[in-house]
Structure formats: C-alpha cells, structure tokens
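**Student:** This is the structure I have questions about; it appears just below.
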C-alpha cells in the first residue's frame, strides 16, 4: 500500500486522504501517540506544502530553507493564534514538525507521513469497544466493508459458521418410516415478480452520507491552483460537483477535470 502515499506525484495527496480519516497518529520510532484535531490536520497540510515549496525552490530568497513565524502560520491556515500554538504543540510532540529558532522566525522541518514512520488510525468500533483501523492499509472510499479490519471480519465469519447438516444426519439413529400420509392438493404458487433493478449511484454523487467536518480540508486541497502535485481521483468527483454547485470551485485544473469526466461518462457510461 506504500504506493498511495509515496512518490513525487502523491507527495501530499495520499497522506491527506488518510489524514482526513484518522483521529490518532503514532510515531513508530518514538512510540508517541496523540489525538489529531481537524485544525491540527489542516495546519500540518499547509506546513507540508509550504515546506516542500520553499525547500525545492529559491522563491523569495529562501535558498532551500523554510521559515515561518506564528503570525504567518495562523494566517496560512486561517486559525487563531492560540489554536495555532496548541496545534503546533501536538505536531511537535508526535514528531511531524521540528522547529529551530532562526532570527525572528523559526526554521521548520516537516516530516512525510509514511508507513515506516507513522501509523494513522481511526476507530471503526464504538467508544466503549474501540476497534482501531490503519487508515493507510484500509482506506475508506464509500465501501462500508472496508471499514472493518481483517481480524474482525474473521471473527464474524467464525460466529456465522454453522455445522454441516449432512454430518448430523449420518450420526442420527435410524427410525421406523412413518405411514404414508394422504397428499392434499396444493395451490399453484403465484408467479414471482421480477426483482427490481438495483439503482446504481452516479460517480458524481456521494455513495454514503458525507461528513461535513471534512468539507473544508477537501475544498482547500481541490481548489488549490498553486499545487503542482495535485492529482484528482474518481472519489473526488462528488466534492467537485458540490463545490461547483456552491459557486466556490475556481481551480482551472479542477474545473477542466470535472468537465472531462462528465463528457467521458456521457459518452461511454463509465469513467
């Protein structure tokens, strides 16, 4: 599953998908585990993009170094100063960001989220009986059965397994055959109606009720015209349609991608 989060193309996109689903993150090297708020996820995503931009270009005379002070960070994520400081404490604690004081601002190093370094988890169970799922190995894109770990699926299969009725028949003692009964005429069963065709969900609609808490993160990612590494997937289409209907979709690449997919679906019936 490393292909979904590694490589130049998926440098930000794959991690953000798993990050949206996760509620906790563990640093596999230090063992540190923290709870991630939506504000902390948004701040990390912004810092990761700014870090990559400034360390791979010489824009603004940075010479491959990423500097940001608290005011710049809170403005980039549209957060308050107190919220930004609280989120930075969490990100530093788990090792996602490292700050080095340099003049009036900090020099930042922002870590990539990879399966070798970090574990992103969500609770697929209940608060009283939690079942923690690895978001990188078990992503959810509209299929409810993917939200269950293999261990839980195996346990369900064991509970549903039944004894072979043929074995019970072989072990049962033989009984005398009862006297034949008179067979009463039975009514002819009514013809069954053909089952209604299952209505398929359009790829431009959400397969399951969406969680509106993640609309902001999805909008920031899909509408970012400056992100050279942004790659659109089929499960982005419902969000693109949503933002288009709200009149907020301004990213030319996103608009062109949605138009292309609509024409393809109308012509071939598939994406």
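Yes or no, residue by residue, for (1) in contact with a strand residue (DSSP E or B) (Cβ under 7 Å, 6 or more places away or on another chain); (2) modelled with pLDDT under 90; (3) surrounded by 13 or more Cβ atoms within 10 Å (Cβ to Cβ):
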site	(1), (2), (3)
16	no, yes, yes
24	yes, no, yes
31	no, no, no
36	yes, no, yes
39	no, no, yes
66	yes, yes, yes
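**Student:** Okay, moving on. State yes or no: is residue 205 modelled with pLDDT of 90 or more, part of a loop (DSSP other than H, G, I, E, B) and more than 30 Å from residue 57 (Cβ to Cβ)? Reasoning before the result, please.
**Tutor:** Working: modelled with pLDDT of 90 or more: yes; part of a loop (DSSP other than H, G, I, E, B): yes; more than 30 Å from residue 57 (Cβ to Cβ): yes.
So residue 205 fits the description; yes.
**Student:** Inspect segment 68-91 for any residue being at pLDDT below 90 and outside any helix (DSSP H, G or I) and give the result as yes or no.
**Tutor:** yes
**Student:** (1) under 26 Å from residue 38 (Cα atoms); (2) at pLDDT below 90: which one isn't true of residue 245, the others all being true?
**Tutor:** (2)
**Student:** Scan 83, 56 and give me the residue that is in contact with a helix residue (DSSP H, G or I) (Cβ under 6 Å, 6 or more places away or on another chain) and more than 21 Å from residue 135 (Cβ to Cβ). Talk me through it step by step, then tell me what you get.
**Tutor:** Working: 56 fails: in contact with a helix residue (DSSP H, G or I) (Cβ under 6 Å, 6 or more places away or on another chain).
Just one listed residue meets the conditions, 83.
The values are calculated or read from the model by the stated rules, or taken from the named source; none is laboratory data. As the structure is a prediction and not an experimental result, all values here were calculated from the model. Quick reminder, even Gly has a Cβ in these numbers, built from the backbone with ideal geometry, and neighbours come from all protein chains shown.
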